[in-house]
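Below is one structure, written out as structure tokens; the observations come after it.
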Amino acid sequence: MSDLVSLPEIEEAAERIAGVAVRTPLVPFPRDPAPAGAAEPELLVKAESLQPIGAFKVRGAYAAIASLTPDERAAGVVTHSSGNHAQAVAYAARALGIKAVLVMPHTTPGVKVDRCIALGAEVVYVEPTAQARGETAGKLAAAHGLTLIPPYDDARVIAGQGTAGLEIVQDRPDVDVVLVPISGGGLIAGVSAAVKALRPEARIVGVEPELAADARDSMAAGRPVSWDAEKTGRTFADALRVQRVGDLPFAHMREHVDRVVTVTEDEIRRTMRRLAREARLIAEPGGAVATAAYLYHRAELPEGRTYVSVLSGGNVDPALFLDVLR
């Protein structure tokens, strides 16, 4: 417990990112007609797609980089990411006048790479495996004196991501169930820590594609379980292809997360379409999974009157989005 991120740390991160990250709204999702005498639960979507880099990652990246010493800032930062965290680090580094080097899989969607380059970062391509990404980033850090900003396995990053959970409870103190996408686990670690500290009776549900269900298997096994890159690469939710949740995020998950639900590729596509048409929100595939769990797996969720799903990002390739809308 002593290693877990605390509410005061999350509140400190909130002060650090104020004026940089957007305090995103809870957007009501239109309710389905309820049978006579029944009341349909309320679903609110935490629209992190409205962040300046189109995803929640700016919270953790800025919170971590803004805490660096002057000497560390002068040397610059490095990270490894499939896209959204890379954009967040590039954005935060530019805002603070710091050099940023990004290690990215060569399979990263072009729309994400282009934005990183436009933000002034240097991009280094590697094979789409956790080992290649981590090793390359570590070597660059050692060779050039750069500070590594991990995408999820870092207390400063987790505290920054936790500010989303802080906002959820502040805006809806009556929230019953919070649905959160799982990739490396930084988002659900921070959100669950904040929500459980402020509203212990609320339930936290992690959501991931059934084609990349390493977090589900990890929770069942009681330890982080890895999936091969070939397996996680099958899902078109590129932001959720991480092969294994981080050690520190997993410790938070074991303490705070009530269950993990998986969704299909077709359910993700249908949810992206419904978010666009019914809630006027653009979601990338990984950003849509939490809402998909509510729409198509309600029977697997804890009961409640007020649900919040975190739409973690909206950085979808335009061609893919057009195909989904059709």
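The values are calculated or read from the model by the stated rules, or taken from the named source; none is laboratory data. All figures in this text were calculated on a predicted structure; none of them were measured in a lab. A quick note on method: Cβ atoms are made from the backbone with ideal geometry, for glycine too, and the neighbour counts reach across all protein chains shown. Heads up: the accessible areas ignore ligands, DNA and RNA and are worked out on the full protein's heavy atoms, side chains in. Shrake-Rupley method; radii C 1.70, N 1.55, O 1.52, S 1.80 Å.
FRET efficiency for the pair GLU135 and ASP266, taken as 1/(1 + (r/R0)^6) with r the Cβ-Cβ distance and R0 = 45 Å, rounds to 0.80. Counting only protein chain heavy atoms and rolling a 1.4 Å probe, the accessible areas of THR136, THR306 rank, largest first, as THR136, THR306. For the chain, the number of Lys pairs separated by eight or more positions or lying on different chains, with C-alpha atoms closer than 30 Å, is 14. Counted residue by residue at 0.36 nm each, then reduced by the alpha carbon distance between them, the extension gain from SER67 to GLU11 reaches 18.8 nm.
Of all DSSP beta bridges confined to the chain, the antiparallel ones make up roughly 10%. Think of the chain as a dipole: +1 on every Lys or Arg Cβ, -1 on every Asp or Glu Cβ, centred on the Cα centre; then among GLY304, ALA194, LEU240, LEU240 lies furthest on the positive end. Compute the helix-to-body angle for 84-96: its Cα long axis versus the longest principal axis of the chain, expressed 0 to 90° and rounded to tens. For helix 84-96, the angle is close to 60 degrees.
Tell me, what are the semi-axes, in whole angstrom and largest first, of the equivalent ellipsoid of the chain as set by the roots of 5 times the Cα gyration tensor eigenvalues?
30, 21, 19
Using only side-chain charges placed at the Cβ, +1 for Lys and Arg and -1 for Asp and Glu, the dipole size of the chain relative to its Cα centre rounds to 560 debye.
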